[in-house]
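Chemist: Structure provided below as structure tokens; questions to follow.
What follows draws every value from the coordinates through simple rules; no lab data is involved. Note that the coordinates shown come from a computational prediction; the quantities given were computed from them, not determined experimentally. Reconstructed Cβ throughout: ideal geometry from the backbone, glycine too, with neighbour counts over all protein chains shown.
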Amino acid sequence: MEKTYCNSCNQELTDRKDRQPCPNCGSMSRNFQIDIQDTIEIHDLLNLKHKVPASNFKNKIAYESKIGSDYSRDKKRMVNLVQVIDRENDVYIKKITDPLTNEITRDVHEPLTKHTGRGSAKPKNSNPN
Ligand SMILES: [Zn+2]
């Protein structure tokens, strides 16, 4: 969208084709501006972590969720991600949908222990830093 302003007082004018003195200051000088509206997408990934200091969970995180946009290496663009790691209830959920096609490209809902397969719930006594 193209707009015309008076170059002296910045009054917005509508006399593009048939230029008249600015009604505000009488100037014939003009300043043309073109608004370029790009599609701006905001990609955010909300990462929630619930720590239980007295727990034996990995990094003391009992519950973790990620909701938002995540980069897909397969598709080389952003996809919608919902991921839940619930160590207290042994639940792993991962759902990926393609925002362009609304296609569900991944839908996992299984016990966390089955997902990791390495017993990540085992006690960890090492003290990070
Ligand atoms: Zn003016």
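Chemist: Which of the residue pairs K3/K75; K3/K76; K51/K94 have a Cα-Cα distance greater than 28 Å in the structure shown? Could the numbers behind the result be given before it?
Modeler: Numbers: K3/K75 39 Å; K3/K76 37 Å; K51/K94 20 Å.
Pairs exceeding 28 Å: K3/K75; K3/K76.
Chemist: Let me ask another. Given 0.36 nm per residue, what is the gain on full extension from K76 to V108 after removing their alpha carbon distance, in nm? Numbers along the way, then the final one.
Modeler: Numbers: separation 32, 0.36 × 32 = 11.52 nm, distance 2.12 nm.
Length difference between fully extended and current span is 9.4 nm.
Chemist: In nm, to one decimal, how far is the E88 label point from the K60 one, both placed 7 Å along Cα→Cβ?
Modeler: According to this spin-label approximation, the distance is 1.6 nm.
Chemist: Here's a follow-up. Just grab the label-to-label distance for L45 and S8, each label 7 Å out from Cα along the Cβ direction, in nm (one decimal).
Modeler: Placing both labels 7 Å beyond Cα along the Cβ direction yields 5.7 nm.
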